[in-house]
Each structure stands twice: as C-alpha cells, then as structure tokens.
Amino acid sequence: MLPILRPFMPELDSLRGLAILGVLFYHGLYWGIDLSRFPHAKKLFLTAMWTGRLGVNLFFVLSGFLITGLLVDSRGRQDYYRRFYVRRILRIVPAYLLTLAVLLTSRAVPLNFVLLSLVYLSNLTPLFGIPIAYPVLWSLAVEEHFYMLWPAIVRKISNRTLITICGLIVVASPLSRLISFYIAQQHGWVSYTTFDYTWNSADGLACGALLSVFLREFSFPRRNLRRFVIAALVFPIAISATELHFGIFSRHTATGAALQVVPAHFAFVALLLAALLLGSGPYSHWSRSPALEFFGHISYGLYLYHLMLFSGFEWLLSHGYIRRLDIDPFWGLVIRFLLLGTLSVLFAYFSRKYFEEPFLRFKKKPT
C-alpha cells in the first residue's frame, strides 16, 4: 500500500483529462448554440453538455490541491519563491503568450483586451468597460492571482491556520457571489462575467487547498477517508435537492448565483480523494485511464487553443468561405465537433511536444 500523497500521482492526470474533455464538450456542443431549433430529445442531449463547463471548477480544485501541496512541502527551502515562480512561468507563459499573439494578429480580440490579459486581468476586463473577448482566459487569470498571493500566505502561517483560512474562503466566496448578484441586479441584468471575478471564483481553489493541507496535517485511517468520500458526495446531492425549488441551477436567481458551483466543488473534492485512495491502493490501475491521461497531458494547450478553432470555423462559415452542409443541424453540429475537436487535440499535442516541452525541460534544472 502506497502513501496517499506521493511525489508522482498519475491518477491526477486522468482527472485533468476528464476536466478538459468537459470543457471541450461544453464549447463544442452547447456554448453559443441556439438550442430552440432542435427537437426535444436532441435538445436534452445538447443541454446536458452544459455540465462540461464545470470542468473549469475541477481544474480549480486540482490546482488548489497540487499548488498548495508543493508550497507546503517546500516551506523550508531557501529558494522557495524563486523555485515556485520560475517553474510556474516555464509552465504557463510560453503557450499563453502564443495564444495572445495569435488572437492579436488575427484580430480576433481588441488590443485593449490583450494588454490587460498580458498582466492577467482578463477576468476583470468588464470592470474597465471591456468585454471578455476570449472567454477561456478568465480562469487562467484567477489561477494567476492565486499564484501571486498564495505562496506568501502559505510560507508565513501554520497548516492549521491555513485550514481555517481555506474554510473561510469556501464560505466567503458564495457570499461574495450573492452580493455581486444583487449589485448587478440593480442594473437590470446579471452578466455571467460577474462570477468570473477572482473573489467570486476562489472557493474551488480553496477546496483543493483545504484537502491538500488536511491530508498533510492529520493522519486518518483509509476507512475514515472512504467515509469522508461518501459524505462529500451525499452533501452536494442534498444541497442540490434542497435548493432545487429556489433555482440553484440558474445563475439568474440569488440561490443559483451563490450556490450553483458549491455542490460541484464538494463532489470534485470527493472525486479527488477517491482517486488518491484508489491510486495508492492495490487496485491502482483502476484509477488510471491511458486515454484520459493523454488528454490530461495536453490539457493546458487544449484549453487555450480549442476555442480559437471553433470561433475561427464559425467566422469562415459566416463569411462564406465554408459551405454549410445541407443535413440535419444536429448531425452537422456533431460533425463540426468531431472535426474541430480532433484538430484542437492535434494542435495541442504538437504544441506540447515541440513548443512547450523545451521550456518544461528547464524545470528539471536547479533554479
């Protein structure tokens, strides 16, 4: 039986793969699509793809867990800050700058959005009167703000105080979303971008961080951790069922604005802990999927690039460069998803192998 926390936890790559596939299905089969033109059964199928947007929340939980673990484990290093930020820059910045360069040169987004995105304010651009022109960048801005603030906090306080802070964030973030909802409602419309602000998106990261510190600070038998997994799965089901009448599945209600993603965060914490228990046990092979690990391996590039291909295709279609097929709209949508999804995967794979990897190899060198 292996320790639950290990230097290499391959089962987490499978969870990354699950997260990026959710985002891909969401953007490919739900986002920006007029569902009213589809018959009932197909409309239900496409509506179900909405759940893929929660892949971003799974990424947040994973990131909070992994980054907090790295920081806690390296507290005593003299190169604590340098090592962390050099490794983050090598991992994030090259593909991110490539994405901004492509968006700018193709005139897909305005210059003012790119300039704010260069300093990771893409989720806050509405506060400057600028729309979030390339939606996937908002979550990267949230994570970058986490990277800026969290290392100093982790370095200076004890694990138990850190657990308290994480718990406070888990409670405060839904309250912040509720306040933001009522403020936006006074202007007549609650934009979804309101919930992209960092203070409204911090609870997913805090949930992952809480689990990371909890497993390091306390030693519980696996039996108790398995019970926690069950409880963490039952809790979100209970919240969703209790608040269904109050509109938890719509962010245009106060309940939905505050609590819609909360059940998902608890479920993802349970999923993460279950994967760790399974991955460190005698049946570890059940926690791993080669296909999901592949998608997890290319998840960063795939997340950055896929929407450019989908948006570019729609531009070519609307300008007459591509002829619309005279077939059932549903199957046309499926064909579009398979074609552009495949191209996105190929682009992300080659980006990882030939563009990102040369930078990542520097991570293995002493900082």
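The values are calculated or read from the model by the stated rules, or taken from the named source; none is laboratory data. As the structure is a prediction and not an experimental result, all values here were calculated from the model. Cβ: placed from backbone, ideal geometry, glycine included. Neighbour counts: every protein chain shown. These accessible areas exclude ligands, DNA and RNA; they are computed on the full protein's heavy atoms, side chains included. Shrake-Rupley method; radii C 1.70, N 1.55, O 1.52, S 1.80 Å.
Observations
- Potential extension, H187-L5 segment - 0.36 nm per residue separation minus Cα distance: 60.8 nm
- Candidates L137, L12, L90, ranked by Gaussian network fluctuation over the chain, Cα under 10 Å, top entry: L90
- Surface composition of the chain: carbon and sulfur make up 68 percent of the accessible area, probe 1.4 Å.
- Per-residue ³J(HN,Hα) for region 203-217, Karplus 6.51 cos²θ - 1.76 cosθ + 1.60, θ = phi - 60°, Hz, x for Gly and Pro: 6, x, 4, 5, 4, x, 5, 4, 5, 4, 6, 4, 5, 7, 8
- Phi-based couplings in Hz for region 218-233 (Karplus 6.51, -1.76, 1.60; Gly and Pro marked x): 10, 10, 10, x, 4, 4, 5, 5, 5, 5, 4, 4, 4, 5, 5, 8
- Value of D in µm² per second that Stokes-Einstein yields for the chain, Kirkwood Rh from Cα pairs, at 20 °C (1.002 mPa s): 98
- For region 315-367, applying the loop criterion from DSSP together with a ceiling of 11 other beta carbons within 10 Å to the chymotrypsin sites (Phe, Trp or Tyr not before Pro) yields Y321.
- Full extension of the chain segment joining R323 with V86 gains 80.6 nm, where the gain is 0.36 nm per residue of separation less the Cα-Cα distance.
- The R107 and F218 beta-carbon pair, evaluated with R₀ = 41 Å, returns a calculated FRET efficiency of approximately 0.15.
- Qualifying trypsin sites (Lys or Arg not before Pro) for region 15-90 [loop in DSSP, other Cβ within 10 Å: at most 16]: R75, R77
- Scaled radius of gyration (Cα, divided by 2.2 N^0.38 Å) that region 16-61 gives: 1.20
- Cross-link partners for K363 among the lysines, with Cα-Cα distance under 17 Å and sequence neighbours closer than 8 places in the same chain left out: K353.
- Largest GNM mean-square fluctuation across S117, S250, S63, computed for the chain with C-alpha springs under 10 Å, falls on S250.
- At a probe radius of 1.4 angstrom, the accessible area of the chain per residue rounds to 51 square angstrom.
- Reachable aspartates and glutamates, given that their alpha-carbon falls under 19 Å from the alpha-carbon of K42 and they are not under 8 places away in the same chain: D34, D326, D328
- Gain on full extension, evaluated as 0.36 nm per residue between F313 and K363 minus their Cα-Cα distance, stands at 14.4 nm.
- Taking only the alpha carbons of region 83-171, we obtain Rg and Dmax values of 15.8, 49 Å in that order.
- Whether region 214-284 is rounded, prolate or oblate, judged on the alpha carbon gyration tensor where a/c under 1.5 counts as rounded: prolate
- Value at 222 nm in deg cm²/dmol, rounded to 500, when DSSP H runs of n ≥ 4 in the chain each add -39,500 (n - 2.57): -22000 deg cm²/dmol
- Taking a straight line from the alpha carbon of K156, these aspartates and glutamates sit under 17 Å away, with near neighbours fewer than eight places off in the same chain left out: D73, D79, E217.
- Most mobile of A275, A95, A231 in a GNM of the chain (Cα contacts under 10 Å): A231
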